[in-house]
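Trainee: Please read through the structure below; I'll follow up with questions.
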Amino acid sequence: GIQVEQSPPDLILQEGANSTLRCNFSDSVNNLQWFHQNPWGQLINLFYIPSGTKQNGRLSATTVATERYSLLYISSSQTTDSGVYFCAVEGNMLTFGGGTRLMVKP
Amino acid sequence: DAGVIQSPRHEVTEMGQEVTLRCKPISGHNSLFWYRQTMMRGLELLIYFNNNVPIDDSGMPEDRFSAKMPNASFSTLKIQPSEPRDSAVYFCASSLSGNYGYTFGSGTRLTVV
């Protein structure tokens with residue numbers, strides 16, 4: 001099956017800092033999504049981005065499908081950004097990476 | 001739309017008891033997925049349905065687990081008998097074929113004591 005690797009596994013930021021999360025995948029995919037799992041455990045869909053670049057407020061994402069990676073940018077981080085960020089890719093089904101655990105300190 | 005609705009939100013049961021988790025997908029979505037999340041294994045797919053038909057159940061851990069989708073608006077995941085190692089958060093997700101992304105429910109946190 002498709003392998004999905006995320007880096008870094010853990011990240012601590014001071015409020016206001018910027019960060020880049022990376023997702024590498026091992027094969028061509030039909031779909032790529034970024035999710036945020038908040039401290040209450042909910043999985044919130046951030047981006048559906050099989051290719052190209054999208055922006056939503058302080059968050060943006062870029063997927064380069066030909067090189068099999070995606071990046072999630074968080075600018076001016078806030079404490080509410082804390083949680084785990086998952087990249088998930090779809091070949092026949094949605095496969096999740098191990099996540100990046102982000103903590104934003106005030 | 002109310003999103004994907006799962007019930008119950010929390011379930012605590014004794015080992016050996018039957019547990020039934022429920023999911024209502026987003027209206028109009030034709031694919032439904034059951035995932036399990038644990039600290040050790042992360043998020044893993046258990047089974048998925050397309051147009052109410054089970055397509056791939058290779059992720060179902062063993063015969064104690066079963067899933068049904070009797071119609072387009074309802075699915076169940078049953079564990080019988082339950083064991084402590086089944087303790088996890090179980091998520092249901094739905095999607096519309098054609099690459100529009102998956103939407104997840106809030107999950108059911110299952111604790112088997």
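Trainee: Equivalent-ellipsoid semi-axes (√(5λ), Cα gyration tensor) for the range B:1-48, whole Å, largest first?
Mentor: The answer is 22, 16, 10 Å, longest axis first.
Trainee: Would you mind calculating the relative contact order of the range B:52-105 from Cα pairs under 8 angstrom and at least 6 residues apart, reporting the percent as a whole number?
Mentor: On the way: 43 pairs, mean separation 11.7, N = 54.
Once divided by the residue count of the range B:52-105, the mean separation gives 22 percent.
Trainee: Between residue A:12 and residue B:7, how many nm apart are label points set 7 Å from Cα along the C-beta direction?
Mentor: Between residue A:12 and residue B:7, the simple spin-label model gives 4.3 nm.
Trainee: So, one more: Toward the positive end of the charge dipole of chain B, about the Cα centre and with charges on Cβ (Lys, Arg +1; Asp, Glu -1), which of B:35, B:16, B:107 goes farthest?
Mentor: B:107
Trainee: Over the residues of the range A:30-81, compute the C-alpha Rg and express it relative to 2.2 N^0.38 Å.
Mentor: Numbers: Rg = 11.7 Å, N = 52, 2.2 N^0.38 = 9.9 Å.
It is 1.18.
Trainee: Could you work out the percent of alpha carbon pairs in chain A separated by over 18 Å, rounded to a whole number?
Mentor: On the way: 2342 of 5565 pairs.
Percentage above 18 Å: 42.
Trainee: How large is the charge dipole for chain B, taken about the Cα centre, if only the Cβ atoms of Lys, Arg (+1) and Asp, Glu (-1) carry charge, to the nearest 20 debye? Mind showing how you got there, number by number?
Mentor: Working: 10 positive and 11 negative charges, 51 e Å.
Approximately 240 debye in magnitude.
Trainee: Using a Gaussian network model on chain A with a 10 Å cutoff between Cα atoms, which of A:58, A:68, A:22 fluctuates the most?
Mentor: Of the options given, A:58 has the highest mean-square fluctuation.
Trainee: Ok, one more. Percentage of Cα-Cα pair distances in chain B greater than 19 Å, rounded to whole percent? Working shown, then result.
Mentor: Working: 2492 of 6328 pairs.
Summing the P(r) of chain B above 19 Å gives 39 percent of all pairs.
Trainee: Based on DSSP, what percent of beta bridges with both residues in the range B:3-113 are antiparallel, to the nearest 5?
Mentor: On the way: 37 of 41 bridges.
Bridges in the range B:3-113 are about 90 percent antiparallel.
No lab work stands behind these numbers, since they all come straight from the coordinates. Just so we're clear, the structure is a prediction, and the values are computed from it rather than from any experiment. As a convention, Cβ positions derive from the backbone with ideal geometry for all residues, glycine included, and neighbour counts pool all protein chains shown.
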